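A.B. asks: Quick one: this structure, given as structure tokens, is what I'll be asking you about.
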Amino acid sequence: MNFDLWRHQARAWVFHFIGRDAWAYDEYVAAFDRAPSARAASHLGFIACSHRRFEEGVRWFEAAQRLEPGNADTLFNLGYALEQGGRPAEACTAFAQAVQAKPTLDRAWYGLATAQARQGHHAEAAQALEETVRLQPMHGEAWYHLGMACHLSAQAERLQEVIVSLKRFDPKRANQLILDCGRAEFAHLRSELPF
């Protein structure tokens, strides 16, 4: 057992647990320098992104991906860092690889849709959101964004279906979708809420 490596890993975990991210970061770097691992690189990427250092996060998640190719969670994290860092086209690639590696990873489908919508590809975003709501049928935010993607890609019939579905479990968000779409033909679907 490499005691020096173990010491840096343990200290990194403890510092991260108690909220001392700068110290945890330094310890993870020391552990990574002694024995590069996808786990340490992922922790470093997470800490960097949590402090809005997205380019740094991208580098660490890319390192994690090189060390452990095809890991869906790492690909999702890479996509998140790319998307938050203003690189939606590259984020789409990472999210697409994540859902290819693990088709049930609903957050990767949602991330893919967000990155596609950010580029103005609303029909493609709607397709990814369809998969998101299939996997997470009570994900109100995904239903809302699916409705907006349908609205922006001129899928009026599907938009109505989305409003009706969303209204069943989140009438407030369904009302907001109707309002944000500005489509008078759906005004009759608004719910009267007591609050």
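The values are calculated or read from the model by the stated rules, or taken from the named source; none is laboratory data. From a predicted model like this one, the values you see are computed outputs, not experimental measurements. Ideal geometry is used to build each Cβ from the backbone, glycine not excepted, and the neighbour counts take in all protein chains shown. Side chains are part of the model used for accessible areas, which takes the heavy atoms of the whole protein and leaves out ligands, DNA and RNA. Shrake-Rupley method; radii C 1.70, N 1.55, O 1.52, S 1.80 Å.
A.B. asks: For the subset of the range 15-66 comprising residues that are open to solvent by less than 70 Å² (accessible area, probe 1.4 Å) and β-branched (Val, Ile, Thr), which member is nearest to the chain's Cα centre (by Cα)?
C.D. replies: VAL58
A.B. asks: Which residues, counting only those in the range 137-147, are farther than 15 Å from LEU159 by Cα and either within 14 Å of the chain's Cα centre (by Cα) or crowded, with 18+ Cβ neighbours inside 10 Å (or both)?
C.D. replies: Across the range 137-147, the qualifying residue is only HIS139.
A.B. asks: Looking at (1) surrounded by 20 or more Cβ atoms within 10 Å (Cβ to Cβ); (2) over 24 Å from SER153 (Cβ atoms), find the lone condition where ARG11 falls short.
C.D. replies: Only one criterion in (1) surrounded by 20 or more Cβ atoms within 10 Å (Cβ to Cβ); (2) over 24 Å from SER153 (Cβ atoms) is unmet by ARG11, namely (1).
A.B. asks: Still on this model: Take SER191 and tell me if it is in a helix (DSSP H, G or I), more than 30 Å from ARG59 (Cβ to Cβ) and either modelled with pLDDT under 95 or among the small types (Gly, Ala, Ser) (or both). Explain how you work it out, then say what you get.
C.D. replies: Values: in a helix (DSSP H, G or I): no; more than 30 Å from ARG59 (Cβ to Cβ): yes; either modelled with pLDDT under 95 or among the small types (Gly, Ala, Ser) (or both): yes.
Spelling it out, it is not the case that SER191 is in a helix (DSSP H, G or I), more than 30 Å from ARG59 (Cβ to Cβ) and either modelled with pLDDT under 95 or among the small types (Gly, Ala, Ser) (or both).
A.B. asks: Inspect all residues belonging to the range 116-124 and state whether any of them is open to solvent by less than 10 Å² (accessible area, probe 1.4 Å), in contact with a helix residue (DSSP H, G or I) (Cβ under 6 Å, 6 or more places away or on another chain) and modelled with pLDDT of 95 or more.
C.D. replies: No; the residues of the range 116-124 include none that is open to solvent by less than 10 Å² (accessible area, probe 1.4 Å), in contact with a helix residue (DSSP H, G or I) (Cβ under 6 Å, 6 or more places away or on another chain) and modelled with pLDDT of 95 or more.
A.B. asks: Have a look at GLN100, GLN65 and point out the one that is touching a Leu at 6+ places or on another chain (Cβ under 8 Å), over 23 Å from ARG158 (Cβ atoms) and in a helix (DSSP H, G or I). Spell out how you get there, then give the answer.
C.D. replies: Values: GLN100 fails: touching a Leu at 6+ places or on another chain (Cβ under 8 Å).
Checking each option against the conditions leaves just GLN65.
A.B. asks: Taking GLY70 and the conditions (1) in a helix (DSSP H, G or I); (2) open to solvent by less than 60 Å² (accessible area, probe 1.4 Å); (3) of a type outside the set (A, V, I, L, M, F, W, C), which numbered condition does it fall short on, given that it satisfies the others?
C.D. replies: (1) is the only condition that GLY70 fails.
A.B. asks: Restricting the first residue to the range 1-23 and requiring it to be closer than 16 Å to LEU44 by Cα, which pairs with a second residue that is open to solvent by 100 Å² or more (accessible area, probe 1.4 Å) and at pLDDT 85 or above meet a Cβ separation below 6 Å and a spacing of at least six or different chains?
C.D. replies: That search, which allows pairs on different chains as well, returns LEU5/ARG34; PHE15/TRP23.
A.B. asks: Here is a list: TYR110, TYR80. Which entry is open to solvent by 70 Å² or more (accessible area, probe 1.4 Å), over 27 Å from LEU193 (Cα atoms) and assigned to a helix (DSSP H, G or I)?
C.D. replies: Of TYR110, TYR80, the one residue that is open to solvent by 70 Å² or more (accessible area, probe 1.4 Å), over 27 Å from LEU193 (Cα atoms) and assigned to a helix (DSSP H, G or I) is TYR80.
A.B. asks: Taking only the range 150-161 into account, find how many residues are buried (at least 18 other Cβ atoms within 10 Å of the Cβ) and either within 17 Å of the chain's Cα centre (by Cα) or more than 15 Å from GLY182 (Cα to Cα) (or both).
C.D. replies: 0
A.B. asks: For the range 175-195, how many residues meet the condition of being open to solvent by less than 50 Å² (accessible area, probe 1.4 Å) and free of Cβ contacts under 8 Å to residues at least 24 places away in the same chain?
C.D. replies: So the answer is 2.
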